[in-house]
1. Taking amide hydrogens as modeled 1.01 Å from N in the peptide plane, which residues meet the under 5 Å criterion relative to ILE80, leaving out close sequence neighbours?
2. Rank the residues ARG36, ARG12, ARG69 as a footprinting-exposure proxy: fewest other Cβ atoms within 10 Å of their Cβ go first.
3. What percent of all Cα-Cα pairs in region 3-94 falls into each 5 Å bin, going from 0 up to the bin containing the maximum distance?
4. Can you put ASP32, ASP4, ASP72, ASP45 in order of Cβ neighbours within 10 angstrom, beginning with the fewest?
5. Want the number for ARG53 to MET1: 0.36 nm per residue separation, take away the alpha-carbon distance, what's left?
6. Just to check I understand the Karplus step: with θ = phi - 60° and J = 6.51 cos²θ - 1.76 cosθ + 1.60, what whole-Hz values come out for region 42-55, glycine and proline as x?
Amino acid sequence: MRLDVGLFALRRFKSRTQAANAIERGQVLLNDRPARPGQVVKVGDRITFLDPRGERTLEILELPRASLRRQDAERLVREIAGPGGADRESDLESDPGP
């Protein structure tokens, strides 16, 4: 699946054109490298991009096969780093808890 199509199908951008424009502006990395809109993405790839809340990194767990609601698309990715670049897994492991 093309990166721009994947970002749209995973409901990260409102249109494929918006996704392609963000990629071309250098706002999207694929596996920590600059990306191209037509680059192929696969399960296990990591996509880093800017959204209104900040920089986010997602790992693709499964590629969408049809048009999905945002809720359903959320299940196909795992957030590695959220807004501010914090690693969500590290934060969970380092939190000593109550």
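Every read-out reported here was derived from the displayed coordinates using simple, explicitly stated rules and does not represent laboratory data. This structure is a prediction, so every number in the text was calculated from the model and none was measured. With ideal geometry, Cβ positions are generated from the backbone for all residues, glycine too; neighbour counts draw on all protein chains shown.
1. HN-HN under 5 Å from ILE80: THR57, LEU58, GLU59.
2. Working: ARG36 14, ARG12 20, ARG69 8.
Lowest count first: ARG69, ARG36, ARG12.
3. 3, 15, 25, 28, 19, 7, 3, 1
4. On the way: ASP32 8, ASP4 26, ASP72 13, ASP45 17.
In increasing order of surrounding Cβ atoms, one gets ASP32, ASP72, ASP45, ASP4.
5. Working: separation 52, 0.36 × 52 = 18.72 nm, distance 2.59 nm.
Working it through step by step, the gained length comes to 16.1 nm.
6. 9, 4, x, 5, 10, 10, 10, 8, 9, 10, x, 8, x, 7
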